[in-house]
Structure formats: C-alpha cells, structure tokens
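Some notes on the structure that comes next.
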Amino acid sequence: MMISATGAYISVKNLKKKHGDLAVLCGIDLEVTPGELTVLIGPSGCGKSTLLRCLNGLETLDSGSIVINGVALERSEDSKSIMKDFDKKARAIRENVGMVFQSFNLFPHLTLLENITKAPVVVKKMNVDLAHSQAKELLIKVGLERHADHYPCQLSGGQQQRAAIARALAMSPKAILYDEPTSALDPDLVHEVLQVMRTLDDEGMTQIVVTHEMRFARDVADHIVHMQEGRIVEMGTPEQIFSSPKDERTRRFLRNFL
Amino acid sequence: MKKGDHTPMLNMRNIIVTLSCIFFSIHAFCSEKGILRWGSDANSGAPYVFRDAKDPSKIIGLDVDIIEAVAEKLNMKPVFIQNQWDGLIPGLNAGNYDVVIDGLEIIDEREQAIRFSDPYYITYEQLVVNKENHEINELKDLKGKRVATLPASLAYKILEDTGDVQIKKYGEEINAYADLASGERLDAVLLDAPIAQYYAKHNAKLKFVGPNIGYMKYGIAFKQDNNALRIKVNKALNILIKEGKIQTIIEKWGLWNPKMAEAWGVSVEPKTEAVGYKEYLRSMNLERTFIDKLKLYVDFFPLLAKGAVRTLEISMLAMVVAVVFGLFIALIRLYAHPVLSKLALTYVEIIRGTPLLIQLYLIFYGLPNLGIKFEPYVAAVIGLGMNYAASEAENYRAGISSIPHSQMDAAFALGMSRLEALRHIVIPQAMRVVIPPVTNDFIALIKDSSLVSVITLIELTTVYGQLASTYFDYLGIGLLTAAMYFLIGLPFARLSRMAEKYYSVNNKKQLKGVQS
Ligand SMILES: Nc1ncnc2c1ncn2[C@@H]1O[C@H](COP(=O)(O)OP(=O)(O)O)[C@@H](O)[C@H]1O
Ligand SMILES: [Mg+2]
C-alpha cells in the first residue's frame, strides 16, 4: 500500500467539478488514513455522490487532484491522449477501491455466486474454482451462504446490499466507498448492513461512507466530514462534530436528526 | 530398398500423367467448348421460351431451339439464365449473361443501349378482343378503351402513338388474356402475333380482329461493346437460315408466315409439321380432373422443395449478416465517436426509409456500373442482410439502452473495461429484451426473401411463378407455395413464442421475488 507523505491513503487536493454550468464541487481537500472509517454527511444535493464517484474515477474532474495509492487523477478533458491516460489510471484505482451503491446495482441476470465471481474471473483472470471458494467464504462473511444460487430479485434489500458488499470485497480492495448504502432499505433491514461495515472496520478496511445514520456515524466513524454546497464546512472526530460543532451550519444540519 | 523405391516412383509418374491429362482435358474443353450464357424469361413465355407442361424442369420454345442451333454452330455450350422480362436488358448490361433472346423486337430505343443480331423472325401485332365485343375492329377503335400490352414493346409504342388509349401494362401475357376473357378489366389486348396465337387463339371467349399491325423483326441482343460475339452469332445465324434450319424451327412451332417467306424469298407453304405447336395445344386442351391436379402437385413437390431450400439458405445466411453487422452498427451508434455514430444513424435511416426491392435492384443492376459485380446469390444475401442489419441494429440499441446506466457503473467500479462490461453485463441482459423481436424479424426476412426472385435467383417464389404460368394455375400452386413459406417460418415462430414465454415467466418470478 502506498501512502502519502502525510500518511494518507486517499488524498484530495482542491478538487473542482462542474456539471454543465452547475459547480457541484468547489475545492475539496480531504485526506483519509489507511484503516479509517470516514463518514460523509450533508444535505441532499451538496455533492456527496459526485465526490465519491470522482474518487473512483467514474467522473472526470475539472481541476485539482486525487491521489490514491500513489496514482494521481487530474483534469483530463483537454486531449484524447490525456483522456486515455485518465481511463487507465481510473482502472488502476478501481483495482484497489470498491464501491457500493444506494440501489445495490447487482447484476440481475446472475446468481449471487456469479455476481461475486464475475469480476475476479473477468478482470483478474482468477481461476474459476478459486473464485468460487472465495465467493463462498465471502457469502458466509455477510451471512448469505444459503442464497448462493438465488437471483438478486429473490432477496430482500438488506440481503442485496450485503451481497453487493461481498461482490466489492471479491476484488480484494484496500478501500470501499459507500453511497448511502442503507437509504433504500426498510428501517429494520438497515442494521444488518451497518453490521457488515462495522466488521470490516474492525478488520482494518479503509472506508468512506455517505450516510444519514447518525448513530452509526457517532459509534463507528473515525472522522466525520460535513459538506454543504460543494464545500467541506467542517471536519473532525464524532466527538467534535456531534458534541461541539464549530460551524453554525453543522449545528443546524444535525438538528434535523435529533 | 530398391523395390521400395520403385513403387513410389511409379506412383509419382502416374500422378504427373493423371494431372497433365486433367490439365490438358480442361484446357481442351475450354478452348473447344466455350459457354454461351443466354438470358430469358421462361414465365408465361410461349412460344419463345417456356416450360414443358410434361416436365416443368425443361424449357422449350422457338427461341430455345434457335439459340441452341446457333450455339451448336459456334461449338459452344448454351446455358440458360432465368430473369424476369423487365430485368433482361439490365441483366445483360450487368454482365449476368452474354445474350438475350426472348422475342425481342429490333427497335431504335433499344439500339441505343444494346446491339442486335440480324433478324431471325418477322411478325406483326395482333389485336384480340372478347367474343362479345363488336365495337372494336381496328386500331382507331381503341380510343378511350382499356388495352393491355407488355411494357417496353413495339405494341406499347403503337398504342401510345394511337393516342387517348388507356394502356394497361401487364408483366405476363396469360394474365392479360385471362382478364380480357373475363370481360371485367380490359377491352382489348395488343401483342405480338405469336403470343396471341399461343395464349388467345384456342380460347373460345376471345377473337382476333383487324388487319396485321406493324412489321417487327426479332433479334438476339448483345451488350453494346460485345461486337465480337455479335459478328460470330450473325455468321452462324445466316448459315442456319441458308441451310433452312431456322425455317424448320419456325415451322415446328407453327409460326411460319407470309412475311417471312417474302423476306427470305422462299415458298409460303410450310415444308414440315408444326409438331411443337400441336403438342402445346394438346397440353392446353387437357381437361384436368381434381385427381390429375393432385398428381401434378405431387410432381411439383421436388421443384418447390428445391426452391424452399434455396429460400431458407438465403434467409439464414442473410440473417447471419444482419445479426453480426447489426450489432456492429448498434455499438457504433451507442459508443463510437459522434461523427461515426451519425454515419451509422444515417445508414439505418436510409435503409429503413427505402424499399428493399429498390435496394436489391441497386446492388444487382446498379453497382456493376461502378465496377462492383456480385453473383445473384451473393447479391441476395448482401441485400437482405444489409437491409435487416438496420432493423437488428435498432433492436440491439433499444435492448442495450433499456439496461440502466447504473449497471455499467457497477461493472466499471469492479474494474471492468467498457468492452468487458458490455460483454459480460450489458449485452447478456439486453439479449432477453432483444431475442423476441429478432426472431420475429427472421420470419419477416424469410417472407421478404421472395423479393430476390427479381435478381435471377431461383427460389420458392420464382418456382411458383414458373409453375403457375406453365399450368395456368395461380390458385392451387399459390396455396401450395404459401404453405411452404408457412412451414419454413413455423419453427422460428415457435422459437419466438417460446423465448417470449420463457422471459415473461422469468420476469414474473422476479416480480414475486421482489414482493416476498
Ligand atoms: N450527471 C449530472 N448532470 C447534471 N447535474 C448533476 C449530475 N449529477 C449530479 N448533478 C447535480 O449535482 C449536484 C450534486 O449532486 P450529488 O453529488 O448527487 O449530491 P448528493 O449526493 O450530495 O445528494 C446536484 O444539484 C445534482 O442535481
Ligand atoms: Mg447522493
């Protein structure tokens, strides 16, 4: 694992991103140390998803830089060769950084087992038997061993999201990004998904989680980052953010969750 | 050792001897016996080129005998190539055959595009009307009347010059006389006397009226620049005329007339029996019972089956072209550079916005003008394939677009490249959406393949036209042919329904899964 001089695994500097005329990210600076769980909070539309997608190379950036594991993403739209270079780097980053989506995005035409083995076999050319035994272990880890041959549509939302995490884990990532992983779930299914992330945190996985689950954030996060209108307005330990927020906007935002 | 050596040596020598024999015999065959490809339309083509009612796989007629006599004189092997009347001259110019002989009149308009041999037959136009009709007796009585003839013929020009005639163009002579006999659609038919003799004379509901009209000479047609062959054929033809051979052939078909006798300076009295014409009349007057017809249909079966196999072959190959090329276009439309994508869209729109028939004509008769020439078979597969590729591309595009972009994101996030994501995630899902319309398209393609009969290809529809016009039975043979098409398409219709059912059951299962 490559970490920066400041000890960060993920390091974002003055990141700016526009969608058309709309400035979605207006200069984000962020560092994530290996093994940390960072929770990203902020009102809807403030740019949380866009930030995560940038970190994974799913979006291009307008200026600034993202360095993950020593690979740097920068502005790419100026020429074709730079664009190609960007794609290559984005793929290099995705080898180490997994992503979990709000709506799970499992592959509906594949069983859970196939969902989990597909990428290792296709991308890493992993031996099929090996991929299978690894997938079985991952299913045990997320408590879905009985559902290996089921299709996503036969599972509850909580089960689907756990399967999605297992699918990301199959690529042996160093970090996982979660974009509101529990927002689409019935309240009584939220817990089982958070539990998986807690276990991963205990095992030392680097994680960034966009969520509105403030209890979870307070109990598990190492850092909380609060965004508004494309900017980070406050950053700190759960203690600092929840007990003595410095910024008025943070105080106001958190009031909604009390 | 020595013995061992000996045998292979002998073998070697044998092989060389055999090979050189084959080589020389091929060489000899080529130099001694060239091939004379002659194009004509055997559908309802009496007395020139038509099918023998006793054996529909055999073509007979005045022009057949003439071209065969000429070929024999030239020591060439005549090879008949079927093409429909309208396509005969374009096919000649496209180089699909060396000559055309099909009762073609030597007229100025044609001289511009092609060249003719010396005349081998001389005749006139004959006016035919319904027995009940007493108004029409000559050309000038035709004003305001509905008169049928063949397009691009001298008769057509005569009717135009008469003025004020409602000219009805017919593709096949029989249909014109049949309509005239029924008395509903036509008032008269003006066609070459031999045609009238073969299709109208024995019909009790029709009568010949008026004097001989016009003076026409039939010639063999050549491509404009093929003067060498034209000179050779003319030489042979003139020898045959001098020998009396051509007169014998004309007499055989009962077509000897005073105009010919005058032109060639011989006696008006025929010297030989009109055996061909008599045989034709006999087959015409045969009253066929239902059982006779059934027996005939059984006889047709091998011919129709052969056509059906050809139809299926072309359809399958065209579908392969359509499926592969269609995917290519769809991917360009979806993922390539905007300029390429626009080009692909333009292709799809042009192909879908123009008739398949025109596309086939362009490929088969048009492209040779630019030096691009295809065999009929290849042209058919390309034409149908490229046409259906546009439809398939749209099917694929709709299928691929129906897969939400989040699936692509998920695949990317797992480290897949665009190609891997398409191949393993997007396309397999799109398949479920795409398979039912693609199988439906294949059934449509089988039916559309009947259009390739216009480019000299003998498939099911061509065989139908040949048999129906030989036996004057468009109904029975038509039903038989329709049944053939239905049978060919049936397995694919079944497949399409099975696919639809399979996916709808699957979808229901998925819905249940979501609900529980
Ligand atoms: N692909 C896009 N095109 C245009 N606007 C977008 C796009 N994606 C996001 N946006 C806009 O960017 C802003 C931030 O969106 P997002 O990152 O999804 O916020 P959050 O996840 O915090 O709710 C929103 O105003 C949204 O409408
Ligand atoms: Mg969001």
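So, of the residues in region A:47-73 that are without any contact (Cβ under 8 Å) to a residue 60 or more places away in the chain and of a type in the set (Val, Ile, Thr), which turns out to be farthest from ligand 2 (Cβ to nearest atom)?
Step by step, filter region A:47-73, then rank; the result is A:Val71.
Look at region B:157-195 and say how many of its residues are part of a loop (DSSP other than H, G, I, E, B) and among the acidic types (Asp, Glu).
The qualifying residues number 4.
Just to check your reading of the model, which residue among A:Leu58, A:Leu25 is within 27 Å of B:Leu419 (Cβ to Cβ), within 13 Å of ligand 1 (Cβ to nearest atom) and of a type in the set (A, V, I, L, M)?
Just one listed residue meets the conditions, A:Leu58.
Has region B:351-374 got at least one residue that is away from chain A (no Cβ under 14 Å), of a type in the set (D, E, K, R) and buried (at least 18 other Cβ atoms within 10 Å of the Cβ)?
No - not one qualifying residue is present in region B:351-374.
Do any helices (runs of 4 or more DSSP H) lying entirely in region B:405-490 carry at least 3 residues that are crowded, with 19+ Cβ neighbours inside 10 Å and either in contact (Cβ under 8 Å) with a residue 40 or more places away in the chain or assigned by TED's automatic domain parsing to the domain that holds B:Val298 (or both), and which ones are they?
Correct list: B:405-413, B:427-448, B:460-471.
Take the conditions in contact (Cβ under 8 Å) with a residue 24 or more places away in the chain, more than 13 Å from every other protein chain (Cβ to nearest Cβ) and not in a helix (DSSP H, G or I) and apply them to A:Thr199. Does it pass?
no
Considering only region A:187-198, state which residues are more than 15 Å from the chain's Cα centre (by Cα) and either within 16 Å of ligand 2 (Cβ to nearest atom) or surrounded by 19 or more Cβ atoms within 10 Å (Cβ to Cβ) (or both).
A:Val190
I'm checking my understanding of the structure. Among residues of region A:171-186 that are surrounded by fewer than 17 Cβ atoms within 10 Å (Cβ to Cβ) and more than 16 Å from ligand 1 (Cβ to nearest atom), which one is modelled with the highest pLDDT?
It comes out as A:Ser172.
Out of curiosity, is B:Ile35 at pLDDT 90 or above and not assigned by TED's automatic domain parsing to the domain that holds B:Ala236?
Judged against the criteria, B:Ile35 is not a match.
If you go through region A:109-120 one residue at a time, how many are more than 7 Å from chain B (Cβ to nearest Cβ) and farther than 15 Å from A:Pro173 by Cα?
Counting residues in region A:109-120 that are more than 7 Å from chain B (Cβ to nearest Cβ) and farther than 15 Å from A:Pro173 by Cα gives 6.
Just the residues that are among the aromatic types (Phe, Trp, Tyr) and within 16 Å of ligand 2 (Cβ to nearest atom), please, taken from region A:86-114.
Residues satisfying the conditions are A:Phe101, A:Phe104.
So, A:Asn69, is that one surrounded by 17 or more Cβ atoms within 10 Å (Cβ to Cβ), away from chain B (no Cβ under 13 Å) and either closer than 30 Å to A:Leu144 by Cβ or of a type in the set (S, T, N, Q) (or both) or not?
yes
Mind checking which pairs have a first residue in region A:244-258 that is in contact (Cβ under 8 Å) with a residue 12 or more places away in the chain and a second that is in a loop (DSSP other than H, G, I, E, B) and surrounded by 13 or more Cβ atoms within 10 Å (Cβ to Cβ), Cβ under 8 Å, 6 or more apart or different chains?
A:Phe253/A:Gly42; A:Phe253/A:Pro43; A:Leu254/A:Pro245; A:Phe257/A:His212
For region A:149-158, does any single residue satisfy the condition of being within 12 Å of chain B (Cβ to nearest Cβ) and either under 21 Å from A:Val220 (Cα atoms) or crowded, with 23+ Cβ neighbours inside 10 Å (or both)?
The answer is yes; a qualifying residue exists.
Quick check on my filter: what residues within region B:169-178 are modelled with pLDDT of 90 or more and surrounded by fewer than 21 Cβ atoms within 10 Å (Cβ to Cβ)?
Correct list: B:Lys169 only.
Which of the following residues is more than 16 Å from ligand 2 (Cβ to nearest atom) and touching a residue at least 40 places away in the same chain (Cβ under 8 Å): A:Ala170, A:Ala184?
A:Ala170
Before we move on, is A:Ile224 buried (at least 21 other Cβ atoms within 10 Å of the Cβ), under 19 Å from A:Glu95 (Cβ atoms), in contact (Cβ under 8 Å) with a residue 40 or more places away in the chain and more than 16 Å from ligand 2 (Cβ to nearest atom)?
no
What is the residue count in region B:393-409 for residues that are closer than 13 Å to B:Pro428 by Cα and at the interface with chain A (Cβ under 9 Å from one of its Cβ atoms)?
Counting residues in region B:393-409 that are closer than 13 Å to B:Pro428 by Cα and at the interface with chain A (Cβ under 9 Å from one of its Cβ atoms) gives 1.
Hey, any hits in region B:333-346 for a residue that's surrounded by 22 or more Cβ atoms within 10 Å (Cβ to Cβ) and without any contact (Cβ under 8 Å) to a residue 12 or more places away in the chain?
For region B:333-346, residues surrounded by 22 or more Cβ atoms within 10 Å (Cβ to Cβ) and without any contact (Cβ under 8 Å) to a residue 12 or more places away in the chain: absent.
Each row is one residue, and each column tells you yes or no for (1) modelled with pLDDT under 95; (2) under 22 Å from B:Tyr170 (Cα atoms); (3) crowded, with 18+ Cβ neighbours inside 10 Å.
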| residue | (1), (2), (3) |
| --- | --- |
| B:Leu186 | yes, yes, yes |
| B:His202 | yes, yes, no |
| B:Lys205 | yes, yes, no |
| B:Pro211 | yes, no, no |
| B:Gly214 | yes, yes, no |
| B:Asp225 | yes, no, no |
| B:Met260 | yes, no, yes |
| B:Trp264 | yes, no, no |
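Restricting attention to region A:124-148, which residues are within 13 Å of chain B (Cβ to nearest Cβ), touching a helix residue (DSSP H, G or I) at 6+ places or on another chain (Cβ under 7 Å) and of a type outside the set (Gly, Ala, Ser)?
Residues satisfying the conditions are A:Met126, A:His147.
Yes/no matrix, rows are residues, columns are (1) assigned to a strand (DSSP E or B); (2) touching a strand residue (DSSP E or B) at 6+ places or on another chain (Cβ under 6 Å):
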{"position": "B:Gly91", "(1), (2)": "no, yes"}
{"position": "B:Tyr124", "(1), (2)": "yes, yes"}
{"position": "B:His134", "(1), (2)": "no, no"}
{"position": "B:Ala152", "(1), (2)": "no, no"}
{"position": "B:Ala155", "(1), (2)": "no, yes"}
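Looking at region B:56-68, which of its residues are more than 21 Å from B:Asp192 (Cβ to Cβ) and modelled with pLDDT of 90 or more?
Across region B:56-68, the qualifying residue is only B:Glu68.
Out of the residues in region A:202-213 that are touching a residue at least 40 places away in the same chain (Cβ under 8 Å) and at negative phi, which is nearest to ligand 1 (Cβ to nearest atom)?
Of everything passing the filter in region A:202-213, A:Val210 is nearest to ligand 1 (Cβ to nearest atom).
Could you count how many residues in region A:28-51 are near ligand 1 (Cβ under 9 Å from one of its atoms) and not polar (S, T, N, Q)?
Of the residues in that region, 8 qualify.
Filter region A:96-109 down to the residues that are at pLDDT 95 or above and in contact with a Lys or Arg (Cβ under 9 Å, 6 or more places away or on another chain), then identify the one that is farthest from ligand 1 (Cβ to nearest atom).
This residue is A:Phe107.
Keeping to region A:168-191, report how many residues are closer than 24 Å to A:His132 by Cβ and touching a Ser or Thr at 6+ places or on another chain (Cβ under 9 Å).
Total satisfying the criteria: 4.
Let me confirm something: among A:Ser81, A:Ser44, A:Ser76, A:Ser11, which residue is more than 16 Å from ligand 2 (Cβ to nearest atom), surrounded by fewer than 15 Cβ atoms within 10 Å (Cβ to Cβ) and of a type in the set (Gly, Ala, Ser)?
Exactly one of A:Ser81, A:Ser44, A:Ser76, A:Ser11 is more than 16 Å from ligand 2 (Cβ to nearest atom), surrounded by fewer than 15 Cβ atoms within 10 Å (Cβ to Cβ) and of a type in the set (Gly, Ala, Ser), namely A:Ser81.
The values are calculated or read from the model by the stated rules, or taken from the named source; none is laboratory data. Fair warning: this is a prediction, and the values are worked out from it, not measured in the lab. Please note: Cβ atoms are built from the backbone with ideal geometry, for glycine as well, and neighbour counts cover all protein chains shown.
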